[in-house]
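All remarks here apply to the structure that follows.
The values are calculated or read from the model by the stated rules, or taken from the named source; none is laboratory data. Since this is a predicted model, take the numbers as computed values, not measurements. As a convention, Cβ positions derive from the backbone with ideal geometry for all residues, glycine included, and neighbour counts pool all protein chains shown.
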Amino acid sequence: MTNFKELGLGQELLDAIDLLGFETPTTIQERAIPAILNSERDLIALAQTGTGKTGAFGIPTIQNVDEDSKDVQVLVLSPTRELAIQIAKDLKAFAKRRKGVKTVAVYGGANISSQIRALDNGCQVVIGTPGRMLDLIKRRKLDVRNVKTLVLDEADEMLNMGFQDELDAILADTPKEKQTLLFSATMPKPIAKMAKKYMNNPDEIEVGERNSGAKNVEHHYYMVHAKDRFQALKRIVDMNPDVYGIIFCRTRRETSEIATKLNKDGYDVDLLNGDLSQAQRDDVMNRFRTKELQLLVATDVAARGLDVDSLTHVINYNLPDDLEVYIHRSGRTGRAGKEGVSISIVHTREGRRIKDLERMSGKNFIKKEVPSGEEICAIRMMDLIDTVKETKVNEEQISKFLPEAMEKLADMEREELIKHFLSVEFNQFLDYYKDANDLNAKSRDQGRRNDNRKGGRNNHSDNNFDRYFINIGRRDKLNPVRLMGLLNEQLNGSKPDFGKIDIQNNFSFFEVEQGFGQSLINDVSGASFEGRTVSVEAAQGSSKGRSGGGGGGKRRGGGKRKGNRSRKYN
């Protein structure tokens, strides 16, 4: 097994790495560090989240810095403030033994004056988000004319978040002769185009298969009806007493709804979305890292750059529209050699999407049954008993209270005492789950097979869906995914399941499950899409016999807590 010394690192870097407690390099570090140290060639490195990418580019770039020069020599671009802060922290740790090397982080949402002062004081390494970095360049406060190394971290996410123009402007100001290091989890066409435009005959390193899931993650899914999604989420959390993870939602509105409901029911949870200020975000993340919070409810964009290695679970409240995003989500657990679980709550019409994910990730997705109330109560009760047995007793402190307690309980038999003890903790919990319904749903294909066995007709679509007209179409750059995203973003409350979608040039038709008609008309009508005011109304006539558009077929829309005394079950 390779050690860091064999990679060609100097003693100053080896000492810093030793202080951090790193013993052996990860695969991406083992391959990237010598490539960066021993060559001036550009490099494309493809590796999943949590594989040690920051060390892979940070360690060699810190070693290559000329500490006698006060020019900015290294630029590191990242998609989010959180990731920029984390990278800056790591690079500062790598440079701990190199006294003349200074790092500065620049990002939006913070006082630009203090960042300008830090730059004025001199530094060789600048880490930041594209928007703030470009702003400082335009103000002539950040001089990038002598940059020797440019790092694009999470390059695919920077493009997904719309930073193409900022990247173009920043890269145009840097010297033509420099080493460009592009680190990414995926290699979509825009990234390949960027590499061709800004990189010169780059070397390429790929760790693991493209779009493959993390090795230490199990993938589970629970199939329920849309109306039962939140109840299924609560049961999944309740059956995992030690859960410490992130619940991913599609929209900011949905994160707020889910976090509010869970808080009301007594769970240690908060939300993370784009509506938070930097101060609010920092407060949430500090409480989450110290495990004061058990769960975060987050959007994909807000969660970019989170660096928490000990997550036990990632829960997909909805599958993302872009299945590649699932790979990013699931990679946030099972890190640093630990095992993790990625859970998805899916609807009956998403069986095909699970199959697509299996093919994309090369992983087997295990179908799980949503547990019954009785099963959950048994799990939680045994967890409480284990906690009681493992609790360390302070004999000196407790001894003074024992005589009075023993006298008070003297008339109770052992079995009666245990019953009372468990009832104190579990009466509300047991009452809540006493008559709990079975939330498990059959897949569409399974339901169809069962109908055929009974000689029945498969008429689920026409009987369960209503058809609607919307006044936007292909000329407005509408497609089925954008239509579902628009409706889910605007709708208050729960999200519908979608049936057939028919995209025309100037307008479109779509089906949603029954019961959402008034909400669609009230919430979506009046919204803006590509500069047009949206109007939704019920379609005239029946949807029977009409073929679906956009590819056809059905489409889918859409701290540690021991005991439950403070949790409410309404």
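When restricted to residues that are closer than 22 Å to residue 272 by Cβ and either modelled with pLDDT of 95 or more or not in a loop (DSSP other than H, G, I, E, B) (or both), the stretch 78-100 contains 10.
What are the residues in the stretch 349-401 that are among the polar types (S, T, N, Q) and in contact with a Lys or Arg (Cβ under 7 Å, 6 or more places away or on another chain), if any? Steps first, please.
Keep residues of the stretch 349-401 that are among the polar types (S, T, N, Q), which gives 361, 364, 372, 387, 391, 394, 397, 399.
387, the sole residue that qualifies.
Filtered by the rule that a residue be modelled with pLDDT of 90 or more and more than 13 Å from residue 219 (Cβ to Cβ), the stretch 346-383 gives 369, 370. Listed by position, the strands (runs of 3 or more DSSP E) contained in the stretch 119-205 that have at least 1 residues being small (Gly, Ala, Ser) are 125-128, 179-184. When residue 196 is tested against (1) surrounded by 14 or more Cβ atoms within 10 Å (Cβ to Cβ); (2) closer than 25 Å to residue 47 by Cα, exactly one condition is not met: (1).
Filtering the stretch 480-500 to residues that are at pLDDT 85 or above and more than 15 Å from residue 527 (Cβ to Cβ) leaves nothing. Only residues that are over 30 Å from the mean Cα position of the chain (by Cα), among the polar types (S, T, N, Q) and either closer than 13 Å to residue 348 by Cβ or modelled with pLDDT of 75 or more (or both) were counted in the stretch 438-456, giving 2. Please find, within the stretch 33-69, the residue that is farthest from the chain's Cα centre (by Cα) out of those that are closer than 14 Å to residue 155 by Cα and not in a helix (DSSP H, G or I). If we take residues in the stretch 33-69 being closer than 14 Å to residue 155 by Cα and not in a helix (DSSP H, G or I), then 43 is farthest from the chain's Cα centre (by Cα).
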